[in-house]
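Read-outs: derived from the displayed coordinates by stated rules, not from any lab. This is a predicted model, so every value here is computed, not measured. Neighbour counts are summed over all protein chains in view; Cβ atoms, including those assigned to glycine, are modelled from backbone coordinates with ideal geometry.
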Amino acid sequence: METMPSTGFPPLDFSLVGLAESPGLKWVEFFQGKYEGGTGRPVWSVLLAHSVKNGGLIVVKTAPRQRWDREMGGEVEGEVNNGWGASDFAFDLLRQMTDSGRPALEGEASLKGEERAAYNRGVVTFAEDHGSEWETWESARWTLGGQNIEARIFRFAHAWAGFSLDDQDRYVGVIAYNVTDTTVHLAEVDGSPYDFDFSEPFQLEDLQAQIGLRPDTDSIVRAPRRYPDHQVVINTRSRVISATETRRRRRSNFYLPE
């Protein structure tokens with residue numbers, strides 16, 4: 001594992017997107033970045049979480065396009081990709097939603113034994129298969145800064161995920177749990193409403209320090225019952241992957257706190 005430097009990651013150099021109106025609790029859920037030579041490189045995505053009415057949760061993901069495409073679809077270990085771009089962004093959203101949106105840990109709906117193992121094996125392949133078909137997803141209309149933008153969404157169990165390509169500089173994605181309305185109103189934000197300072201160098205430890213202050217969202221992100229979608233994931237056969245694909249998947253997971 002790479003050593004985490006004391007200087008951390010450099011200040012954020014792209015504008016974040018969050019909910020335009022969010023009076024409930026909000027926090028920084030996750031960011032993706034890496035260290036090279038003991039130095040934190042500019043992160044390539046940030047996820048902001050928002051508690052919404054009726055027990056819902058909306059996570060908004062922002063990624064600068066050029067950096068995302070380079071990190072997720074550039075030259076990896078000597079192999080050159082064509083660049084996954086939007087498909088890889090769609091995959092990442094679906095992977096997170098499918099993994100977190102499994103049935104509750106306990107009770108009749110919970111996954112046990114081989115079912116749980118099969119679900120774990122199927123998550124990535126399910127997300128890849130459907131992420132690559134993002135152009136066929138359901139259409140939705142969002143707003144960003146008061147302007148209408150077109151989006152594509154994919155429904156899964158009690159959740160849905162989607163993203164828009166209308167912003168030329170950023171991929172803007174949303175994962176929503178227990179939220180029926182697919183029309184979201186977004187705006188550019190900074191870290192202050194989320195109690196996080198992105199204007200200074202930041203570290204993984206800064207994110208971990210917030211964990212104890214967040215609400216317990218397990219009961220929101222986990223499905224209250226089994227849906228047919230869960231069985232589809234269980235039945236999905238995982239594939240043998242290349243070294244390039246292994247690195248790509250690893251990069252999708254930087255740096256999720258325990």
Output yes when any residue across region 132-154 is in a strand (DSSP E or B), crowded, with 20+ Cβ neighbours inside 10 Å and touching a Pro at 6+ places or on another chain (Cβ under 8 Å), and no when none is.
no
Out of region 206-224, which residues are in contact (Cβ under 8 Å) with a residue 24 or more places away in the chain, part of a helix (DSSP H, G or I) and not β-branched (Val, Ile, Thr)?
Asp206, Leu207, Gln208, Leu213, Asp218, Ser219
For region 210-230, what are the residues that are more than 18 Å from the chain's Cα centre (by Cα), farther than 21 Å from Gly24 by Cβ and surrounded by 13 or more Cβ atoms within 10 Å (Cβ to Cβ)?
Arg226, Tyr227, Asp229, His230
Condition broken by His230, with the remaining ones in (1) within 22 Å of Val60 (Cβ to Cβ); (2) assigned to a helix (DSSP H, G or I) satisfied
(1)
So how many residues does region 164-178 have that are under 19 Å from Ser51 (Cα atoms) and surrounded by 20 or more Cβ atoms within 10 Å (Cβ to Cβ)?
6
Residues of region 155-180 classified as among the charged types (D, E, K, R) and in a loop (DSSP other than H, G, I, E, B), total
3
If we ask which residues in region 94-118 are loosely packed, with under 15 Cβ neighbours inside 10 Å, assigned to a helix (DSSP H, G or I) and among the basic types (Lys, Arg), their number turns out to be 1
